[in-house]
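Okay, so here's the structure we're looking at.
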Amino acid sequence: MDNTNQITFSKMLEVFKKYAVWIVLVAVLVGCAVAVGAQFLIKDNYTCRMDCLVDLYGRSSSEISTMPRHVSSAITRLKTTDTIKAVVEHAGIEVDGKPAVSLMKSATSISANATDSGFSVIVTTTRPEVSFAMIQSFKDLLPEFIENYRLIEFDIIESPESAPVNPSNGNRALKYGLVGAVAAGLITYIVFLIYTLLDVTIRSEHDLKKYVNLPVLGMIPYYTGEVESGEKIMNKTKSGQSGNKD
């Protein structure tokens, strides 16, 4: 026997062509199901962003070299629970009558920019007005934080003027539906490929030649009808010959 279970590109292509209808069908069904589920189960997210930057004009090279340390210190201070609590209370964001400190802390991201000369405050929630209120509160309290924490002076170079209208997580149904369809199609194809590689059933002369390195001398057909005896066949033959003589 030769090694017919080896995976080759031609065999992979053959499997895909053979089961293409099933692969596409499963992919479409799963993709539609995932899209519907994402539309109803996953909520829209709305993001607001504020960018702050240090004015480097007129600063010495030694001051510029220490800028990453100042930015890191500012980020550490602004991430503290006390800072988030002050921002939440100023914005008036509450859950069950209490400031939503833990909720807003998990929804807020503060990170340095690419040049380490500033930072960005990003708030993502399921309610656009809440995200906007948090950023506005950060904007209002930033001078106070700089003074209290003795931070280097930062300038706000960009902040939203109104609450976001479009969700930041995009078209959920399309995005998750495509991912679900691709994953389902790939898994279905792999299942069929494994099934084909493990299946050694001989169904034709072609299959026999693949598995046995011997010439095929002949084939005995599989007959499902009524088997006639030799005597009956001889009688039919004689009857036919008599009819021809007449």
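Enumerate the pairs (first residue in segment 115-138 and in contact (Cβ under 8 Å) with a residue 40 or more places away in the chain; second residue anywhere and part of a helix (DSSP H, G or I) and aromatic (Phe, Trp, Tyr)) with beta-carbon separation below 9 Å, excluding pairs fewer than 6 apart on the same chain, so at least 6 apart or on different chains.
121/138; 123/132; 123/138; 138/145
Going by what's in this entry, would residue 163 be described as part of a loop (DSSP other than H, G, I, E, B) and either more than 30 Å from residue 22 (Cβ to Cβ) or modelled with pLDDT of 90 or more (or both)? Full working, then the answer.
Numbers: part of a loop (DSSP other than H, G, I, E, B): yes; either more than 30 Å from residue 22 (Cβ to Cβ) or modelled with pLDDT of 90 or more (or both): yes.
Spelling it out, residue 163 is indeed part of a loop (DSSP other than H, G, I, E, B) and either more than 30 Å from residue 22 (Cβ to Cβ) or modelled with pLDDT of 90 or more (or both).
Any residue in segment 9-23 that is of a type in the set (Asp, Glu) and either under 22 Å from the mean Cα position of the chain (by Cα) or surrounded by 18 or more Cβ atoms within 10 Å (Cβ to Cβ) (or both)? Steps first, please.
Let us first name the residues in segment 9-23 that are of a type in the set (Asp, Glu), namely 14.
Checking which are either under 22 Å from the mean Cα position of the chain (by Cα) or surrounded by 18 or more Cβ atoms within 10 Å (Cβ to Cβ) (or both) leaves us with none.
No, segment 9-23 has no match at all.
Within segment 166-200, restricting attention to residues that are surrounded by 17 or more Cβ atoms within 10 Å (Cβ to Cβ) and either touching a strand residue (DSSP E or B) at 6+ places or on another chain (Cβ under 6 Å) or among the hydroxyl-bearing types (Ser, Thr, Tyr) (or both), which residue is farthest from residue 23 (Cα to Cα)?
Within segment 166-200, the match that is farthest from residue 23 (Cα to Cα) is 176.
Would you mention how many residues in segment 156-165 are among the β-branched types (Val, Ile, Thr) and exposed (fewer than 14 other Cβ atoms within 10 Å of the Cβ)?
Summing the residues that are among the β-branched types (Val, Ile, Thr) and exposed (fewer than 14 other Cβ atoms within 10 Å of the Cβ) in segment 156-165 gives 2.
Just give me the residues in segment 53-95 being among the β-branched types (Val, Ile, Thr), without any contact (Cβ under 8 Å) to a residue 60 or more places away in the chain and under 15 Å from residue 108 (Cα atoms), in sequence order.
If the condition is that a residue be among the β-branched types (Val, Ile, Thr), without any contact (Cβ under 8 Å) to a residue 60 or more places away in the chain and under 15 Å from residue 108 (Cα atoms), then 75, 76, 80, 81, 84, 87, 88, 93 are the ones that fit.
For residue 34, state whether it is touching a helix residue (DSSP H, G or I) at 6+ places or on another chain (Cβ under 9 Å), under 27 Å from residue 105 (Cβ atoms), touching a residue at least 40 places away in the same chain (Cβ under 8 Å) and among the β-branched types (Val, Ile, Thr).
no
The values are calculated or read from the model by the stated rules, or taken from the named source; none is laboratory data. Being a predicted model, the structure only gives us computed values, none of them experimental. When we count neighbours, we look across all protein chains shown, and the Cβ atoms used for this are built from the backbone with ideal geometry, even at glycine.
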